[in-house]
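What follows draws every value from the coordinates through simple rules; no lab data is involved. Since we're looking at a predicted model, the values are computed, not measured. Please note: Cβ atoms are built from the backbone with ideal geometry, for glycine as well, and neighbour counts cover all protein chains shown.
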Amino acid sequence: MKYITTLDGKEYLIEIIDAHHVAIDGRVQEVDFESVSGQPVYSLIIDGKSYESYVYETEDGWQVLTRGRQYNLTVEDEREKRLRAAAGGSVAEAGEYHLKAPMPGLVVSIPVNEGDKIEKGQVLVILESMKMQNELKSPKAGVVGRIRVKQGETVEQRQALLSVQ
Amino acid sequence: MKYITTLDGKEYLIEIIDAHHVAIDGRVQEVDFESVSGQPVYSLIIDGKSYESYVYETEDGWQVLTRGRQYNLTVEDEREKRLRAAAGGSVAEAGEYHLKAPMPGLVVSIPVNEGDKIEKGQVLVILESMKMQNELKSPKAGVVGRIRVKQGETVEQRQALLSVQ
Amino acid sequence: MVNKVLVANRGEIAVRIIRACRELGVETVAVYSEADRQALHVRYADEAYLLGPAPSRESYLRLDKIMDIVRKSGADAVHPGYGFLAEREDFAQACADDGITFIGPRPSAIAAMGDKGVARSTVVKAGVKVVPGTEDVGNLSNEDLLALAPKIGFPLLIKATAGGGGKGMREVRSLEEMPALLMSARREAESAFGDGNVYLEKLVEGARHIEFQIMADGQGNVIHLGERDCSLQRRHQKLVEETPSPVMDEELRARMGAVAVKAAQSVDYLNAGTIEFLLDKDKNFYFLEMNTRLQVEHPITEMVTGIDIVKEQIRVARGRTLGYKQEDVKLTGAAIECRINAEDPYNGFLPSTGRITQAILPTGPGIRVDTGMYPGFEITPYYDPMIAKLIVWGETRAQAILRMRRALEEYRVVGVRTNIPFHQSMMDSTRFMAGQYDTRFVEERFSMEGLAESREYFPEIAAILGTIVAHQQTQRSAQIVRRGERDASNWKWVGRWERMHR
Amino acid sequence: MVNKVLVANRGEIAVRIIRACRELGVETVAVYSEADRQALHVRYADEAYLLGPAPSRESYLRLDKIMDIVRKSGADAVHPGYGFLAEREDFAQACADDGITFIGPRPSAIAAMGDKGVARSTVVKAGVKVVPGTEDVGNLSNEDLLALAPKIGFPLLIKATAGGGGKGMREVRSLEEMPALLMSARREAESAFGDGNVYLEKLVEGARHIEFQIMADGQGNVIHLGERDCSLQRRHQKLVEETPSPVMDEELRARMGAVAVKAAQSVDYLNAGTIEFLLDKDKNFYFLEMNTRLQVEHPITEMVTGIDIVKEQIRVARGRTLGYKQEDVKLTGAAIECRINAEDPYNGFLPSTGRITQAILPTGPGIRVDTGMYPGFEITPYYDPMIAKLIVWGETRAQAILRMRRALEEYRVVGVRTNIPFHQSMMDSTRFMAGQYDTRFVEERFSMEGLAESREYFPEIAAILGTIVAHQQTQRSAQIVRRGERDASNWKWVGRWERMHR
């Protein structure tokens, strides 16, 4: 199985050959890869070097945290890559932004109204969690769409709060 | 559900009334009982007192280890108790003794032969595990029955080694 | 007296207090909210009583219920820990009224120091310098504060009078932005302390936050156990503390220590407390506030002095004299604490909740971890994000930093994101290593992106790791799809599942 | 040199050494058997190489493979830890031949001290007293030993010449039982060390096992770091160690320390080592043997001296002089170590294997846990049963004991049985508290049944706990039976399982 993995703007062609071999940009490497006691913690021994890593899936791709540094990457197989190329790049950037609660909490205030024109970086919702008030900001300029929560409401993680068009 | 629980020669009549109440010898007690994060470790809050315990099932009954002390007990419901009474006490004592490996290991030697007459406490098998040689002794006098393993053999935990008649 | 202590707190500090009690042969009573039934403090205590639902206001802040449990359990003493009710005069008073030993200062001292405005005026009378701000005043209205602000000058800080831990604190750069900031500060203070009063203080720039640990007994002896440098903060929350401070010398320590002792004496202080100072670039220092309780970062002082502060608290609460005189207090080596928070340093330090599925603590020489979490424990949104304190000791500051790096590298927490990578970058930063930082360092000069560069870059390794995990996930989902297609053989599946789950 | 260290060991000691290296900025190379792919030393090291199958003879004892990995990895130094190849002269020699730094003594010192017979005659020549036994002889036959035994007198000990850790050791009470014991001792020694040679030693009754930690550099400086009392043993395996010894005084420490230094000098010793003595009731002491390596119980010495012994080992291996002179070594407070073994104290201390499903370490002030295990790790029958070392420090011996009790109470290990209850009973025993014990104490005077009585008896609580668990299990099995009966609705089950496992 071949994948195109993108990291810090660079593409790597990675082929999973079998349980103990991968090729990266054509170079075959012997790998000893295990999930540690069934946890999402992975141990990779490659060329004698021992790396341990947390790997998290996110909405945009994968986060790999190893030796105190986090790497954000996307992993696509060839079909996905072709589809995305045909669609002309990421649809998400152009489209609507849906603000979801990054953690469970209490909606302290919503300093915007539906239909407001807002700037990039403007505070959309203040959410209290773990005794701290967290300002959730807009990643883009636009117009506030439907607001789905009320002040004082308790929300779950990933619950939709509002959208920006 | 009612149980007769025997501990250090004393019988306790214990009724499990519901998830939060038990009666011991007729006295109803409120209990808050939980398995801690799905492990065989149990937390019991009773009368405000907090007890944490390991509870192990063994071939003969249950072992409860709490606050640095182990209690060996048997738990029977009324039907089991009647059956046992009818059968005239424990059958095990009179019958054959089957020596099983208490842990995985290597059979270092078997200092007895089939048909040997042996004393209580006599060494039947020497099993090496974790770099230590462990002498497995007979809990009763008798005659060595079938020996199922050979010197130098690796055995699994609970594997039958030999019997004493 | 002090034979059975009710610990009116949760988390690592409740565990810390239970440990000290157990080592003294004192019985312990835990209280807990519905979210904390399986918490370590409940598991470790001799007795445990339910307070109520998860939110603090319905559990750990319920003074009435806690006093009921004191009576029910027969506890003869209470330890409040930090946060929650720890700096509430009425709690200390309720204990006094019931003849229960409150392991902390007298109600009068809590009152004097608890209202930050009163505290400032009290120590000023004792001849201690304070940071310029609103003096000698009680509950000022927004109008009053807006009128006073230009006289103090910008930048300034809005601070909660009942405050602590950065809650209800706001920086103000201009009069224009002040009304909105006043509102949010009051809101946060009200929510955290049940008291929305605030005061103003000049923001001293380029300053370090230096605090002195105080111990006082009922016989009038007051000593200090040296300083802690707590300048590394984010949003006024301490993140890293160390002792000795890299900018401290013997002469300054003696002078500041003497002022700290004087400040404590000005309120007839008893038990453990902390005097916080700002120290500016020219080594002028100003009283900031007094925390009339055990401090989160007390372990670093324990590491360098060898004194068990919680045991000393109990000793003093029993009416005995302090076990140490000022000249017995010797600082050996250096200690650092990193607060491990459940938050994602790569995503704006947003809190992270969830069930801890694995936790491997760093151990070995010179390491101490104070924590209330363990694998299987749920980190909820109800309480503070601090899930552990990682404390190290070294013969020298350099050795302590190297040891802290080693410990951070070893620490594994699965189930929530933590700020461990932040601390790793901090321990790598040349300014931290040189001891050159102030209270603005984290926010102004520090970014995860910039500092990651101190660490080795392994893009190919990361690409391989991520790709293998993604690949395995694709394989698994494909199996589920195939399994769904498997109509004809469903009977076989039943058997297989049954066997697996028997 | 000493920039990359290969750690030729596993378990807690491999982790301990990796920690010291990391704190010195030295790279680390782990080696592992197939059973240890997920072991902590593999996870923590910078590099890791497979040695072979699980049994030691095919992995950790494969000197040839280890030297191959030294070359392949580019390691410039080797740390052998304890056990396995740590006291093999040929290992130190192979390193010397390849220009690799062996972090330990010179091959000649290992040879002189490694053969216990040679060691005895060497120190005798240096004027050090030894326990009477077979002197100055190499590989004695059974016939020779049986002839010599009556001259030494009974009771006596058969000991492995290559020995350590109680392996290949047997007590002999009479000539009649000696042939059988010789056979079993040789068999065990052969299996543990690949060398079945044994010697005889008089059994000194009522004695304490006192050992001195030695450090020596290449410049001829030799110091000792005080003693450890290791008298609490079972089957010649140490279980509890403490320092200072309750029977030690300054004068005796100085005398024994001087003899220990002299013994080390007699073999031109380099690096860390331990001189073991027997101390009889009249405070006469006899050289027993020298362990030419890092000792399991070294952390208690680290706790009271503040000296990191492994870092000192690396310092000395780098050719530098010791960081401390004898007069710099000060003992502060008291430290105790309990060896946590995977064995069942309620069932004859039989080893217990299995997967660790939960492990909650005691932490907080004055506690150190050195371990290689974590939840999810499998304890196999291939290696030593010691899975952790619990070490505490206290300002006084009494405080250390109280702290150890607290730590033992907190420690939770699920998945294997441990000897924690044994240690709890030991810490409760009045003889331990009084410091009145000798090497025969555990076996002759100590029983789990007798000592459990020191602990509170809660039969009703135990009965309730056991009954609820038994009840819940009955309920669950009843459900499974009902599930089996559910023929008609199997299709529904399919759907349900599918959903659960998606």
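For the protein assembly as shown, what does the equivalent ellipsoid look like in terms of its semi-axes, each the square root of 5 times an eigenvalue of the Cα gyration tensor, given largest first in whole Å?
Square roots of five times the eigenvalues give 52, 39, 35 Å.
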(message) Let me make sure I get this right: for segment D:71-201, a, b and c are the square roots of the gyration tensor eigenvalues over alpha carbons, sorted descending. Under 1.5 in a/c it's rounded, otherwise prolate if a/b > b/c, else oblate. Which is it?
(response) prolate
(message) Run lengths n ≥ 4 of DSSP H only: what is the helix-derived mean residue ellipticity at 222 nm for the protein assembly as shown, with -39500 (n - 2.57) per run over all residues, to the nearest 500?
(response) -9000 deg cm²/dmol
(request) Using amide H atoms built 1.01 Å from N in the peptide plane, name the residues 5+ places from D:Gly133, or on other chains, whose amide H lies under 5 Å from its own. (result) D:Lys202
(message) For the pair C:Phe154/C:Arg476, report the inter-label distance in nm, with labels modelled 7 Å from Cα in the Cβ direction.
(response) 5.3
(request) Within segment D:128-215, list the GluC sites (Glu not before Pro) lying in a DSSP loop whose Cβ has at most 15 other Cβ atoms in a 10 Å radius. (result) D:Glu135, D:Glu176, D:Glu177, D:Glu205
(request) Express in whole angstrom the spacing between the alpha-carbon centres of segment D:141-205 and segment C:38-115. (result) 63
(request) Would you kindly work out, in nm and rounded to one decimal, the distances from the label point of C:Leu146 to those of the same position in each other copy, ordered shortest first, with label points 7 Å along Cα-to-Cβ? (result) 10.7
(request) Find which of A:Pro40, A:Gly115, D:His209 sits farthest along the positive direction of the dipole of the protein assembly as shown, computed with +1 on the beta-carbon of Lys and Arg, -1 on that of Asp and Glu, about the Cα centre. (result) A:Gly115
(message) Please state the shape class of chain D: rounded when a/c is under 1.5, otherwise prolate if a/b exceeds b/c and oblate if not, all from the C-alpha gyration tensor.
(response) prolate
(message) Quick check on segment A:1-100: what are the equivalent-ellipsoid semi-axes from the Cα gyration tensor, as sqrt(5λ), descending, whole Å?
(response) 27, 19, 11
(request) Please report, in whole Å, how far the alpha carbons of segment D:21-102 spread along each principal axis, starting with the longest. (result) 32, 32, 23
(request) Straight distance only, please: which lysines reach the Cα of B:Lys81 with their own Cα at less than 30 Å, same-chain residues fewer than 8 apart left out? (result) B:Lys2, B:Lys10, B:Lys100, B:Lys120, B:Lys140
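One quarter of the convex hull surface, Cα atoms only: what value does that give for segment D:5-163 in nm²?
Approximately 11.5 nm², given one-decimal rounding.
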(request) List the distances, in nm to one decimal, from the label point of C:Glu58 to the label points of the same position in every other copy, shortest first, placing each label point 7 Å from Cα along the Cα-to-Cβ direction. (result) 5.9
(request) Grab the beta carbon distance between D:Lys262 and C:Thr332, set R0 = 25 Å, and tell me the FRET efficiency rounded to 0.05. (result) 0.20
(request) Could you work out how far the C-alpha centroid of segment D:235-260 sits from that of segment D:410-442, in angstrom? (result) 20
(request) Find every distance from the label point of D:Asn221 to the corresponding label point in the other copies (7 Å from Cα along Cα→Cβ) and write them in nm, one decimal, shortest first. (result) 3.8
(request) Describe numerically, in nm with one decimal, the distance between label points set 7 Å from Cα along Cα→Cβ at A:Lys2 and at A:Leu83. (result) 1.9
(request) Could you check the simple spin-label distance between A:Glu34 and A:His21, using points 7 Å along Cα→Cβ, in nm with one decimal? (result) 2.2
(request) Would you list, by chain and number, the lysines whose Cα falls below 27 Å from the Cα of C:Lys262, excluding same-chain residues fewer than 8 positions away? (result) C:Lys116, C:Lys125, C:Lys129, C:Lys159, C:Lys202, C:Lys238, C:Lys281, C:Lys283, C:Lys311, C:Lys325, C:Lys330
